[in-house]
Every structure is written in structure tokens, then in C-alpha cells.
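Everything on this sheet refers to the single structure shown next.
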Amino acid sequence: MTTSPHTGTPAAPDDPDSRVHVVLAVKNLAGAKSRLATALPGSRRADLVVAMLLDTATAAASSSLVVGWSVVTPDPRVADAAARAGATTVSEPDSPVSDPTAPGGVDGLNRALSAAHDAVRGSGVDVVALAADLPALTTAEFDAAYRAATPTGRSVVADHTGLGTSALVVRGSGVDLRPLFGPDSAARHVSSGAVALTGSWPGLRLDVDTEDDVRRAVALGVGDRTLAVLTNAGWPVGEHRSRQ
Ligand SMILES: Nc1nc2c(ncn2[C@@H]2O[C@H](COP(=O)(O)OP(=O)(O)OP(=O)(O)O)[C@@H](O)[C@H]2O)c(=O)[nH]1
Ligand SMILES: C=C(OP(=O)(O)O)C(=O)O
């Protein structure tokens, strides 16, 4: 996306194929990345979630295909950071969960992504629902996955475990996102008609949930914000490679 660095306002698209809107969802920071609780204290985990979101979004939004990106979150710090980076922020949809600080479970994530899709559908864009924890994602991988996606319908990029979903791509007018994130979401997306994309995209597939995932991401090369948080937290980044 060609944007003003200060306002994030999309400029005139410089690629005739520019028509992609990216949507990302992040839950309340207090409950985020709980599987990293033994590796990083709460404040560092929160910093890491924000950093990974911004590194992920920056890699995607740097694509000439991308005309905009949205973040759905109930968390004011996430919303503020996303807006400053140029995102449209979408309000978290109402949840049947009574405690407003509790994440809405996977249904919360799917409701959030559907709300972001609803906000842009009808404007003629294709949509990529992207995991918000892909700090090794590259713009080239994002472009390749979008271009490999079926031109009319849904396509899915499984994560590096083969079980989860890194990206759900919707191309063509009138196609529903129908997000089915959660356990075994890759298989459930395929069962519901999404085409499984088979490209070799290690950064796109590497969603970071565990300590091992952090190590894998550092080995691949993470974005600047993620690297800074990990370095400040004393994480052994060693001879860090730049994200390619
Ligand atoms: N907006 C929104 N995002 C959500 C919600 N639930 C999950 N997410 C996001 O969806 C992605 C996957 O969520 P989870 O696997 O439940 O949580 P996580 O923070 O990645 O990791 P764990 O706490 O270790 O499970 C993360 O980016 C979350 O922040 C929700 O109810 N609303
Ligand atoms: C919810 C998902 O992601 P995570 O691996 O973060 O649980 C998913 O892959 O559907």
C-alpha cells in the first residue's frame, strides 16, 4: 500500500491489481499470548503482541496490492498503536461473554474478523484475514499467497503446524469470509470449501504462540519492532537475521 507515513491514508494505487484489504484481530492484552507466560512477564508479552501486530501489518500493508488494513480489538492500547500506524480500527462486536475483559474465545475472534469484513464488503475489495502474530512475514510472501488464491472464493494458508490458519483469503464480489478460526481451523476451512494454498512461505506460516515459535521466528528474521521487544526482554536473539 502506498501511504503517507504520517496519516496512513491510502494514496492512489500504483498497481493496477491494488484491491486488497487486510483485517487483523487482537484480543485484550491482559489475556494475550498466555502460552508465553513462563517465558515473558505480562508487560513484555503485551509489548510483544503489539510489536508482532505492527510488524505483521507493516509487511502486508507494504504490498502494492493493499489499499487498506483494519484491526478489530477491544484493547485501547492496541487500537491506539494500530491507528497511529495507519490502520482503520473496528470496534469489537458485542460478545455473549458477560465479563468484558474476558476474550470471547474463538467465537470472539471469528465474530471480530467478520465485523471487519462487513465494514469493507461492498467496496469492491478482496480481503485477507491475517493472523496478527506473524513477525517473520515478508511482503513477497503476502503477495505470492494472494496471487495464488482462487480468483473467486476462499483460500486458506495453514500455519507451520498444519493445524491452524495463518491467512484466509476472500477474492471476488459477494463471497463471505466465513472465518472458522480455532482448533484445527485449517482443516475446517478446507472442509467448508476454502482452497488450501501450498506455497513455501515460512514467514507467512509462522504464527508465534510458544517459546519454540519465538526461536523459529528469530531464526527466520523478524521485523524491527519484534526484535526490539525481544532484545529488551533479554531474549537471546544472537546473530539476528533481518527479515527478507
Ligand atoms: N478481537 C479479538 N481478537 C481475538 C479474540 N480472541 C482471540 N483473538 C486474537 O486471535 C488470535 C488467536 O487467538 P488465541 O490463540 O486465542 O490467543 P493468543 O493470544 O494468540 O494466544 P494464547 O493466549 O496463548 O492462546 C490472536 O491474535 C488473538 O489476539 C477476540 O475475542 N477478539
Ligand atoms: C485461532 C488460531 O490460531 P492460534 O494458533 O493462535 O490458536 C487458528 O489457527 O485458527
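Which helices count as membrane-span-like in the chain under these terms: full DSSP H, at least 27 Å along the axis by C-alpha, Kyte-Doolittle mean of -0.5 or more? Don't skip to the end; give the middle numbers.
Values: long enough: 42-61 (28 Å, 0.70).
TM-like helix candidates: 42-61.
With a Cα-only, solvent-free Debye model of the chain, what are the log10 I(q)/I(0) values at q = 0.07, 0.09, 0.18 Å⁻¹?
-0.20, -0.34, -1.52
In what sequence do His240, His21 fall when counting other Cβ within 10 Å, fewest first?
Values: His240 14, His21 25.
If I rank by nearby Cβ atoms, fewest first, I get His240, His21.
Skipping prolines and chain starts, which residues have an amide H placed within reach, meaning under 5 Å, of the one on Ser166, given they are 5 or more residues away or on another chain?
Val157, Ala158, Asp159
What ranking of Val127, Val71, Val222 emerges when the number of other C-beta atoms within 10 Å of each C-beta is taken as an exposure proxy, fewest first? Before the final figure, lay out each step's value.
Working: Val127 23, Val71 26, Val222 29.
Final ranking by Cβ density, sparse to dense: Val127, Val71, Val222.
Under 5 Å between amide H atoms, partner at least 5 residues away or on a different chain: which partners does Asp207 have, H built in plane at 1.01 Å?
Here His160 satisfy the definition.
With charges set only on the Cβ (+1 for Lys and Arg, -1 for Asp and Glu), what does the dipole of the chain come to about its Cα centre, in debye to the nearest 20?
On the way: 21 positive and 26 negative charges, 23 e Å.
Roughly 100 debye for the chain.
Kindly put Phe181, Phe142 in sequence by how many other C-beta atoms sit within 10 Å of each C-beta, fewest to most.
Working: Phe181 21, Phe142 28.
Fewest to most other Cβ atoms nearby, the residues stand as Phe181, Phe142.
Going toward the positive end of the dipole of the range 20-232, with +1 on Lys and Arg Cβ and -1 on Asp and Glu Cβ, which of Ser155, Ala115, Val23 do you reach last?
Result: Ser155.
As a test of the formula, what do you get for the chain when each DSSP H run with n ≥ 4 contributes -39,500 (n - 2.57) and the sum is divided by the residue count, at 222 nm and rounded to the nearest 500 deg cm²/dmol?
Values: 8 runs with 85 residues, N = 244.
Dividing the helical sum by the residues of the chain leaves -10500 deg cm²/dmol.
FYI, it's all coordinate maths here, none of it is from the lab. A quick note: this is a predicted structure, and the numbers were derived from the prediction, not measured. Reconstructed Cβ throughout: ideal geometry from the backbone, glycine too, with neighbour counts over all protein chains shown.
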